[in-house]
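Student: Dumping the structure here so I can ask a few things about it.
The values are calculated or read from the model by the stated rules, or taken from the named source; none is laboratory data. This one's a predicted model, so the numbers in the text were calculated from it and none came from an experiment. A quick note on method: Cβ atoms are made from the backbone with ideal geometry, for glycine too, and the neighbour counts reach across all protein chains shown. Quick note on the areas: whole protein, heavy atoms, side chains included, nothing else; ligands and nucleic acids left out. Shrake-Rupley method; radii C 1.70, N 1.55, O 1.52, S 1.80 Å.
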Amino acid sequence: MNTYERNYWSLYLDFLDQFEGVTYKGYSLPYLCHYRSLIKKAGVMNRMEENSFTQLLKNKAESNVDIQSRFNQYIHKHTSQKRSSNKNGKVIIHDVYNLIRFPNPILNKYFSPSKTLMIKERKILPKDKGYLKKEKAGKIPVQYFDEYTNSDPSVEQSISKVRREVKRICKTQASHPLYSDQKFQKVLLMQLGKIIHRIEQAMMLFQTETVSCVIVPSTHYPESRTLTIVAAKQGIPTICMQHGIISSEFGYLPKIAAVDAVYGEFEKVWYKQKGIEDSAVKIIGHPRFDQIYLNTPVKREEFEKQLGLDSNKKTVLVVVRGNKDLPRWKLLINSLVKKGSFNILIKDFPSIQPHQLTKEIVEALPAQNFDLYDILPNVDAVVVYSSTVGLEAMLAEKPVFILSEEFPGHTGYYYGLGGLVHSNPSSLADIVHRYFSRKDMQKYEKAVREKFLSTAYATNQLSGKRLVNLIKQLTK
C-alpha cells in the first residue's frame with residue numbers, strides 16, 4: 001500500500017470506530033454509508049498523500065484486507081444462519097443509478113415476469129395523480145422503493161434522533177480534520193436519513209413479496225448496500241453484479257454481497273488477494289455483454305453515411321470521459337492526424353452530446369446517438385482510457401489501445417496489454433499508426449488481446465445463462 005491508500009483505509013476504520021454506536025434497529029449505520037462520497041469534498045482528500053496525516057489517525061491499516069476483515073464481521077453479524085426457504089419466490093433486481101444495465105431482450109429471455117421484480121429508486125409523478133400505471137423493463141414489472149415507504153412519524157423521529165447524536169459526536173471532535181468538516185457532516189446526515197428509510201423500505205418489501213434472491217449492480221452505495229444487508233438478515237441470498245472493470249479498488253471494496261458475479265479470472269485472483277473466499281466470487285460475466293454476440297448492428301455503409309465518414313480511411317474510435325485529461329486527448333488526436341489518414345470518431349461517456357474535441361479539432365467527428373454496440377463493429381480500432389469500453393471492444397474483436405494514467409487505488413487492470421498501453425499520447429498515437437502499417441504489429445496485437453481475454457472474460461457460455469444457473473445454485 002502506498003501512503004494515499006494507507007491513509008484512505010485507515011481513516012475509514014477510524015470513521016467506523018467513531019460512529020459505530022450510531023444505530024437503527026440493530027444496524028450500525030456507518031457501515032452502510034458510502035464512505036468515498038463522505039470524504040470526497042472534504043479537505044482531507046488533499047492530505048491523503050501526506051505522511052504527516054498518518055500521524056493523526058488511530059488505525060494503521062497495513063493492507064486493504066484489514067477493511068474487508070472488519071466488514072466480514074459486520075456481515076456475519078447480520079446474516080441469518082437459517083437460509084430462506086423461498087426458492088420459488090421472486091428474484092428482485094435492484095437498479096440504482098442506472099448501473100444494472102440488463103438489456104430488455106436478456107431480461108425477457110432468462111427471467112419470468114411472474115417470478116421477477118425490477119425495483120428502482122423513485123417514481124416522480126404529479127402528487128394529485130399518484131401512480132398512473134405499472135411500468136415494465138421488457139416484460140418484467142417495475143416497482144419503486146418509494147412505494148414501500150413507511151410513513152409512520154416514528155421513522156422521522158428516529159432520523160432526527162440519529163442526526164442529533166451525530167452532531168453531538170462531531171461537536172466533541174472540533175479539531176478533527178474530517179469530523180469537523182461541514183461538507184462531511186452535511187453528506188453524512190443526508191446519507192443516514194436515506195439509510196434508515198431504506199431499512200424500512202427493504203423490510204416492507206420482504207414482508208410484501210416472497211423473495212428468493214436479490215441482485216444488485218453495486219454495494220458501493222447506501223441504497224443497494226442497505227438492501228443487501230437487510231436481505232442477508234432475512235436469509236435471502238444476494239448477488240452483486242460487476243458493473244464495470246475494477247480499475248480502482250476504491251469502487252469495489254469492501255465486498256458486501258453473499259456472491260460477487262465477476263467478469264473473469266482477473267477478479268477472482270484480485271478478490272482472493274483481499275482475503276475473500278473463492279466461494280464468494282463467481283465468474284459470470286455480465287448480461288449486457290451478451291449483446292455483443294447476439295445483436296445485429298447497423299450496416300457499415302449506413303453507419304459511415306450518417307456520420308460523414310470516408311469509407312477509404314480507417315476509423316479510430318476515441319473514447320473520453322467529459323473534459324478529463326483534455327490536453328492529453330488533444331495531443332493524441334493531433335498526433336494521429338499527423339501520422340496518418342484516419343476517420344477520428346469521438347464518443348464521450350456517458351454524454352451523447354458532441355464533445356469539446358469535435359469543436360476544436362476539425363478531423364474529430366461526434367459519434368452522435370449511436371449505441372456503443374452499433375459503433376464497435378464499424379470501427380477499425382479503439383483508443384480509450386482505463387474504461388470498461390476497452391474490454392467491450394476486445395470482446396467485439398477490435399484492437400484496443402489504452403491511454404494510461406496512475407491514480408490512487410489503481411489496479412493495473414490493463415497492464416496485461418503490454419505494448420498497447422502508454423501514458424504518453426504521442427507515443428500511443430505512434431503505436432496505433434504502426435498497427436495499421438505493419439503486419440508484425442497486427443500479429444502482436446492479436447496475440448496480446450487473446451491472452452488478455454483468456455483471464456479477463458470467459459466466453460464459453462453467455463452471461464445471462466450463467467447468471468440464471470448461479471441463482472438456481474443459491475436458491476435450491
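Student: Nearest 10 degrees is fine. How inclined is helix 182-208 to the longest principal axis of the chain, computing both from alpha carbons?
Tutor: Tilt of helix 182-208: around 80 degrees.
Student: At 1.4 Å probe size, with every protein chain present, just tell me what the per residue accessible area of the chain comes to in Å².
Tutor: 46
Student: Starting from the Cα of residue 312, move 7 Å in the Cα-to-Cβ direction to define the label point; list residues of segment 337-366 whose amide nitrogen is under 17 Å from there.
Tutor: Hits in segment 337-366 for residue 312 at 17 Å: 340-344.
Student: How much of the accessible area of the chain, in percent, comes from carbon and sulfur atoms when a 1.4 Å probe is used?
Tutor: Roughly 48 percent of what the probe reaches on the chain is carbon or sulfur.
Student: Let me make sure I get this right: for the chain, a, b and c are the square roots of the gyration tensor eigenvalues over alpha carbons, sorted descending. Under 1.5 in a/c it's rounded, otherwise prolate if a/b > b/c, else oblate. Which is it?
Tutor: prolate
Student: With equal scatterers on the alpha carbons only and no solvent term, can you work out the Debye log10 of I(q)/I(0) for segment 379-445 at 0.16, 0.18 1/Å?
Tutor: -0.50, -0.64
Student: Hey, got the dipole for segment 170-212? About the Cα centre, +1 on K and R Cβ, -1 on D and E Cβ, debye to the nearest 20?
Tutor: 240
Student: Considering only DSSP beta bridges where both residues belong to the chain, give the percentage that are antiparallel (nearest 5).
Tutor: 15
Student: Return the distance in nm (one decimal) between the two label points of a simple spin-label model at residue 1 and residue 451, each offset 7 Å from Cα along Cα→Cβ.
Tutor: 3.3
Student: Could you list, bin by bin from short to long, the percent of Cα-Cα pairs of segment 1-114 in 5 Å steps?
Tutor: Going out from 0 Å in 5 Å bins, segment 1-114 shows 2, 9, 14, 15, 14, 13, 11, 9, 7, 4, 2, 0 percent.
Student: Please name whichever of 56, 207, 188 sits farthest to the positive end of the charge dipole of the chain, dipole taken about the Cα centre and charges placed at Cβ: Lys and Arg +1, Asp and Glu -1.
Tutor: Most positive-ward Cα: 207.
Student: Once you have a ≥ b ≥ c as the square roots of the Cα gyration tensor eigenvalues for segment 162-255, tell me rounded if a/c is under 1.5, and otherwise prolate or oblate according to whether a/b is larger than b/c.
Tutor: Judged from the Cα gyration tensor, segment 162-255 comes out oblate (a/c at least 1.5, b/c at or above a/b).
Student: Right, here's the next one. Taking the Cα centroid of segment 222-263 and of segment 341-398, what is the distance between the two, rounded to the nearest whole Å?
Tutor: Between the Cα centres of segment 222-263 and segment 341-398 lies a distance of 30 Å.
Student: Please compute the length gained on full extension between residue 359 and residue 415, using 0.36 nm multiplied by the number of residues separating them and subtracting their Cα-Cα distance.
Tutor: Between residue 359 and residue 415, full extension yields 16.9 nm more.
Student: Quick one: compute the contact order of the chain, relative version, from alpha carbon pairs under 8 angstrom and 6+ residues apart, as a percent.
Tutor: Worked out over the chain, it gives 15 percent.
Student: Right, something else. Using only Cα atoms, tell me the angle between helix 326-339 and the longest principal axis of the chain; keep it within 0 to 90° and round to the nearest 10.
Tutor: Value to nearest ten degrees: 20.
Student: Pulled fully out, how much extra length does the chain show between residue 325 and residue 269, if you take 0.36 nm times their separation in residues and subtract their Cα-Cα distance?
Tutor: That works out to 17.1 nm of additional length.
Student: Taking the Cα centre of segment 1-152 as the origin, how large is its charge dipole in debye, to the nearest 20, when only Lys and Arg (+1) and Asp and Glu (-1) carry charge on their Cβ atoms?
Tutor: So the dipole magnitude of segment 1-152 works out to roughly 1000 debye.
Student: Suppose the chain between residue 279 and residue 300 were pulled fully straight at 0.36 nm per residue; how much longer would it get relative to their current alpha carbon spacing?
Tutor: Full extension from residue 279 to residue 300 adds 3.2 nm.
Student: A further question on this structure: Taking residue 136 as the anchor, which aspartates and glutamates have their alpha carbon closer than 20 Å to its alpha carbon, excluding any fewer than eight residues away along the same chain?
Tutor: The reachable aspartates and glutamates, counting only those whose Cα sits under 20 Å from residue 136, are 95, 121, 146, 147, 209.
Student: Between 0 and 90 degrees, rounded to the nearest ten: what's the tilt of helix 439-456 against the longest Cα principal axis of the chain?
Tutor: So the inclination is approximately 20 degrees.
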